[in-house]
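Scroll down for the structure; my scribbles are underneath it.
None of the figures in this text is laboratory data; all of them are computed from the coordinates on show. Only a predicted model underlies this, so the values are computations on that prediction, with no experimental measurement involved. Positions of Cβ are generated from backbone atoms using ideal geometry, with glycine treated the same way; all protein chains shown enter the neighbour counts.
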Amino acid sequence: MADTAADTALDSRAAPASERFSRSQKAFTLAGALLGLLLAALDQTIVATAGPTIQADLHIAPEHYPWLTTAYLVASTMMVPVWGKLSDLLGRRAVLVAGIAVFLTGSFLCGASRSTLALILCRAVQGLGSAALFTGSLAVVADLFPPRDRGKYQGLFGAVFGLSSVIGPLAGGFITDALGWHWVFFINLPVGALALTLIFLRMPPLKPEGVQGGSLDIPGAAALAVGVVPLLLALSLGHGAAAPRAGGFAWGSAPILGLFALSAVGLGLFVWRERHAKEPLLEPSLFRVRAFSAGNAAVFTIGAVFLASVTFLPLFMVNVVGLSATHSGLTLTPLTLGVVAGNVLSGQLVSRLGRYKALMVGALLFLMGGFAVMGFTLTPDSSQAEVTVKMVLVGLGLGPSIPLYTVAVQNSVPPQRIGVATSATTFFRQLGMTVGVALLGTVFAGTLSREMHARTQQATHGLPPDVRQELRASAPGGLGGEGAPQGQKFQPEEVKAKLREGFAEERRQALQEGPEARARVDADEARALSTVDRVERALKESFTRATMAVYRVAIFVALAALLVTLLLPELPLRRGGPRKAPAEA
């Protein structure tokens, strides 16, 4: 497609300058970058665990609660390309230090917040800083190591990201219970201080050679914000008409359509600006390099199923398997360990083999197999152990997507553009995750609403209105499927106890009317209690069908990622110069 451009880019790359850095510099730099990434990655899962406590303490309205996550996500995604460009202009150390400083400032202000508005705004400040941590940390690997060795170190960063999703919920629950939700944010301060110490002690500036002067494209950054912020807000707040939620709008509503229109205008202005800017934020010429464009297209597509593949599973575990919310979250631990294993193993293999495309294709085929297993073998009788084993397959398929595509994209650009290339990969991955959750969320909610309406209407046919109302109030989202599940678990024994109380009163009244009246009440009670069991089964079948629908759609998304990956040219990963480090000063 533009193989000449790709070859030119490859030939223009200077040999990695890793031999200029001592082992202690590399070790301290990697440790500081890993801690920085850990800060940003942990914050997402820890805050999610503490969310209900924060909501209760600050009396956050249900329609405002999602903004604790939305503000962070929007600010982070919007700033990723900006920090990437700044890291090429100023060096990785300057960007990491600035990012950690902004993130810690936001963390302190979040912990000190006493109102909903203040907390949401401070979460946005955290997001601004986290973008620098994601971008700067991953770019550091390309500065310290030659292309052939980058895979195994990118795998370590992916492993840290994966482990944070295991440690985060546990740490969040412990800190919230033992110290209070404020310390969920304050705990970032000592970790960030340690990262800054390591960076200041031995980390070199890591400013790419050949970058002379230059300035940030402010108009381009503004146009990007106009394009990205409304898009992310629309994707985060939109929902299907059959499954409304607090604080959201239907996809076809005026607010959502207006946000999409504003986003289209902003993205159009951004493209125009980048084509005419002297120092563009994201150089259009990079997209003429096939490895760069195809790599980022694949990252976006995989991102669409990366987060969505685990977002809806806890609902299945709660409403079908019967676990508590806490234990349903822990069910994702084996999947995460699969992601970590996939990260590390693929990184090691690409460093040994010097090739990455075969590993990418193999991982995607493995991922499609895992999605197929989830999409066609789940049943209302599936056990926790069964689901756990199946999700390990998904994790092993997802794992290689983080290090391998980052290595491929970084390997396709000159050293002066490593920051921009890394930020582009992070940007498209985060954007893909948001689009994927919105797309598959609509599939899940629509399927659940349709199945729940049909199955529960059939299960409750012929019941008295008061009994139907009791069951309607007890089922997640209502028996008619009018709403999306709000985390409410159907409790059949509690429903039966309430029904027995009601029928006991009727039976006392029937005693005065004679044996026939009592027999009628007994029959009605038996039918109502058996209906509870049928409703429970209908709800389990509805959640199972909805979960299976998500994974079936995910198969086709992964197939699209595979087709894009097949277009990705495999540029050679060079070993670089001599490995011996210079004597330390």
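Residues whose amide H falls under 5 Å from that of F249, counting only those 5 or more places apart or on a different chain, are G238, H239, with hydrogens built in the peptide plane.
Quick check on the exposure proxy: order K390, K85 from fewest to most C-beta atoms within 10 angstrom. All intermediate terms of the calculation are to be shown ahead of the outcome.
Working: K390 19, K85 27.
Placing the least packed residue first, the sequence is K390, K85.
Modelled spin labels at L189 and L353, positioned 7 Å past Cα toward Cβ, are 4.8 nm from each other.
Taking a 25 Å limit on the Cα-Cα distance, which of the listed pairs K26/K207; K26/K278; K152/K207; K152/K357; K207/K278; K390/K540 fall beyond it? All intermediate terms of the calculation are to be shown ahead of the outcome.
Numbers: K26/K207 15 Å; K26/K278 34 Å; K152/K207 23 Å; K152/K357 15 Å; K207/K278 20 Å; K390/K540 19 Å.
Result: K26/K278 exceed 25 Å.
Between the beta carbons of R552 and E279, assuming R0 = 41 Å, the FRET efficiency works out to 0.35 to the nearest 0.05.
Figure the gain on full extension for R114 and W272 (residue separation times 0.36 nm, minus the Cα-Cα span) and round it to one decimal in nm.
Values: separation 158, 0.36 × 158 = 56.88 nm, distance 4.27 nm.
In short, 52.6 nm is gained.
Can you put S383, S130, S113 in order of Cβ neighbours within 10 angstrom, beginning with the fewest?
Numbers: S383 11, S130 30, S113 19.
Taking fewest neighbouring Cβ atoms as first place, the list is S383, S113, S130.
Legend: calculated FRET efficiency, E386 to S22, from the Cβ-Cβ distance at R0 = 60 Å, rounded to 0.05, equals 0.75. Listing I256, I100 from fewest to most neighbouring C-beta atoms within 10 Å gives I256, I100. Fully extending the segment from S530 to L216, taken as 0.36 nm per residue of separation minus the present Cα-Cα distance, adds 106.2 nm.
Coupling constants for the range 40-54 follow from the phi torsions by the Karplus curve (6.51 cos²θ - 1.76 cosθ + 1.60, θ = phi - 60°), and in residue order they are 5, 6, 5, 4, 5, 7, 5, 5, 4, 5, 7, x, x, 5, 4 Hz; glycine and proline get x.
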